[in-house]
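*Asks:* Here it is, the structure, as structure tokens.
The values are calculated or read from the model by the stated rules, or taken from the named source; none is laboratory data. Given the structure is predicted, the values throughout are model-derived calculations rather than measurements. Virtual Cβ from ideal backbone geometry, glycine too; neighbours counted across all protein chains shown. To get the accessible areas, we keep the full protein, side chains included, count just its heavy atoms, and leave off ligands, DNA and RNA. Shrake-Rupley method; radii C 1.70, N 1.55, O 1.52, S 1.80 Å.
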Amino acid sequence: MSLHSLPTAQALDILAPMHLRVSRTGHILHAGPTTRKLRPHATWEGERLLEVFYLTRPREVQTIGELEAIFGRRLHLSLRDGPRTALSGVAVPLEDGTFILNLSFGLSLLQAVDDFALTQTDFAATDHAIEMLYLIEAKTVAMDASRKLNTKLEQARAAAEAQAFTDMLTGLENRRALDLALERMIERGTAFALMHVDLDFFKQVNDTLGHAAGDFVLVETAKAFRACTRASDIVARVGGDEFVVVLPGLLSPKELGCIGTRIIRQLEQPHDYQGQISRISGSIGTVIWDGAAATSSELVMYQADVALYASKRAGRGRQTFYDPELDANIPPVPARPRRTGAKPAADPARTGQ
Amino acid sequence: MHGLVLSAVQVFTKDLYGPVRWARVMDRAGMGEREFEPMFFYSKAVGHRVLEELSVELNMPLDDILEDIGTYLVSRPNMEPVRRLLRFGGVTFDDFLHSLDDLPGRAKLAVPDLLLPEIRLREHSVQRFSLTCRGDFPGFGHVLVGILRTMADDYGALALVNHGGSGAGTEIVSIELLEPRFAQGRDFQLRAMVP
């Protein structure tokens, strides 16, 4: 398309399709092609500008005289009839006494496209409105893709965690790994000793020095367990401050007594966390399974728990071997709800798992 | 190679040839059971291996596959966002052609790490144009051929688009615009229909 020289009015329709030419008396002389779309059925020419638009900023305008006072400034206006889409504009006087009011949508662009059924040709070639629409749409698409990815990663993380056999904080095995190992050993008739260890005074560390200190103590505790056991032994963290050690083939109460003492001594080593010293201890309940007697992982855990309870009652920091006579000492109504004989996992929020 | 590019290849293959064949391509390319993620970044080697294996699997020259991918990108309902974003480039096919110079810049605005080859449009006459693309993306010219042929239909223009050969990291696409307003073309609203 090649253009011949144009009269100013037509040139303005191309350069500023959303303009109005207004007489000194405030009557509309001409409306640009996009301006007309704001009120598709209106006459425009001959109407009074201030009856069509409501000017709100920089101040309310009632008369053309008031409008003249703010020529050249950024105006905020909206239609009196029709959608209340916010428009911005600027009015400038011409030599012949008329003035031009040029309009744009600014941030209400998206709304305006809907309200007035605008198309690409309604905007001046230099107007960034189309680029803005492009950008909004492109960013929405990109954002959706990112959100989908985030959801997917979160699900994958949750799935991995659900399948994990490792306790995240200490790197020890978790309850699921322990249950599986116990069941397998009982199935195969592999004799073992099982120690249920409950940390003493750990709650105080957590409460007085904070979760970070508590986590530090748990990590150190895991190291202590590793140091006191063989590579073939299973060390699991089964609750906030509860651990289980399974020692396959080790059935001598004397040897188990030595290991228990070593574990308690290690646990009682003071921990220095950022200059603050914390001390804990541990109570142990131990059960020995000879590989033949009828049992189950639940029963073994229950028996270890009974022995642990006896250690706690006897003043903590000690090891008790399970004996059926101990069963009588268990209070008829458990102080805490019990699940398959073992204490429920501690509140993860408290222990910072 | 940007995950957006590779996941486009993935969607194309799974959609038109089935997930089994795509799984075979990924497996042979050493990707195992993985899927491409649009917002990840993959090595160039991975991209090339996958495209090579795709060509073997489909028993088609890679250039033809790339052209089909270009067509797919702008013609399928599931790829509507791509067509829409391209349509923002101009009101007529002619405008659109001229907007292609800005395509890498536009893509970068949307996804900052998506680097498309540099594209230069030359207007030899009112009817004859050529596009030169230069960049680290051999075969992009063929993708462009598929895109441009389909977009010409989209705009209702009658145009002949052909790959004009390649060399030294550049590819040429020639366009002959026979009739800008040949048919009605497809509708384009500034605002996408929000479901």
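*Asks:* If I ask for residues that are among the hydroxyl-bearing types (Ser, Thr, Tyr) and outside any loop (DSSP other than H, G, I, E, B), which ones from the range A:251-282 would you list?
*Replies:* If the condition is that a residue be among the hydroxyl-bearing types (Ser, Thr, Tyr) and outside any loop (DSSP other than H, G, I, E, B), then A:261, A:273, A:278, A:281 are the ones that fit.
*Asks:* Within the range B:97-109, track down each residue that is more than 11 Å from chain A (Cβ to nearest Cβ) and surrounded by 18 or more Cβ atoms within 10 Å (Cβ to Cβ).
*Replies:* B:97, B:100, B:103 - these are the residues of the range B:97-109 that are more than 11 Å from chain A (Cβ to nearest Cβ) and surrounded by 18 or more Cβ atoms within 10 Å (Cβ to Cβ).
*Asks:* Take the residues in the range A:269-294 that are polar (S, T, N, Q) and modelled with pLDDT of 90 or more, then tell me which one is nearest to the chain's Cα centre (by Cα).
*Replies:* A:281
*Asks:* Filter the range A:24-39 for residues that are closer than 15 Å to residue A:85 by Cα and either in a helix (DSSP H, G or I) or not charged (D, E, K, R) (or both) and give the result.
*Replies:* Of everything in the range A:24-39, those that are closer than 15 Å to residue A:85 by Cα and either in a helix (DSSP H, G or I) or not charged (D, E, K, R) (or both) turn out to be A:34, A:35, A:36, A:37, A:38.
*Asks:* Suppose the filter is of a type outside the set (Phe, Trp, Tyr) and over 30 Å from the mean Cα position of the chain (by Cα); does residue A:193 pass it?
*Replies:* For residue A:193, the condition - of a type outside the set (Phe, Trp, Tyr) and over 30 Å from the mean Cα position of the chain (by Cα) - is met.
*Asks:* May I ask you to say which residue of A:45, A:60 is at pLDDT 90 or above and over 30 Å from residue B:96 (Cα atoms)?
*Replies:* Only one candidate qualifies: A:45.
*Asks:* Follow-up question, since we're still on this one. Which members of the range A:44-71 meet the condition of being of a type outside the set (Phe, Trp, Tyr) and either part of a helix (DSSP H, G or I) or on the phi > 0 side of the Ramachandran plot (or both)?
*Replies:* A:46, A:49, A:50, A:51, A:52, A:64, A:65, A:66, A:67, A:68
*Asks:* Would you mention how many residues in the range A:227-276 are charged (D, E, K, R) and either buried (at least 18 other Cβ atoms within 10 Å of the Cβ) or touching a residue at least 40 places away in the same chain (Cβ under 8 Å) (or both)?
*Replies:* 5
*Asks:* Would you mind finding the one in B:11, B:20, B:46 that is within 14 Å of another protein chain (Cβ to nearest Cβ) and either under 16 Å from residue B:143 (Cα atoms) or among the aliphatic types (A, V, I, L, M) (or both)?
*Replies:* B:11
*Asks:* State yes or no: is residue B:93 within 14 Å of another protein chain (Cβ to nearest Cβ) and either more than 15 Å from the chain's Cα centre (by Cα) or open to solvent by less than 20 Å² (accessible area, probe 1.4 Å) (or both)?
*Replies:* Answer is yes for this residue.
*Asks:* State the number of residues belonging to the range A:79-111 that are of a type in the set (A, V, I, L, M, F, W, C), under 22 Å from residue A:11 (Cβ atoms) and open to solvent by 50 Å² or more (accessible area, probe 1.4 Å).
*Replies:* 3
*Asks:* Tell me whether the range A:181-193 contains one or more residues that are without any contact (Cβ under 8 Å) to a residue 24 or more places away in the chain and open to solvent by less than 30 Å² (accessible area, probe 1.4 Å).
*Replies:* Checking the range A:181-193: not a single residue is without any contact (Cβ under 8 Å) to a residue 24 or more places away in the chain and open to solvent by less than 30 Å² (accessible area, probe 1.4 Å).
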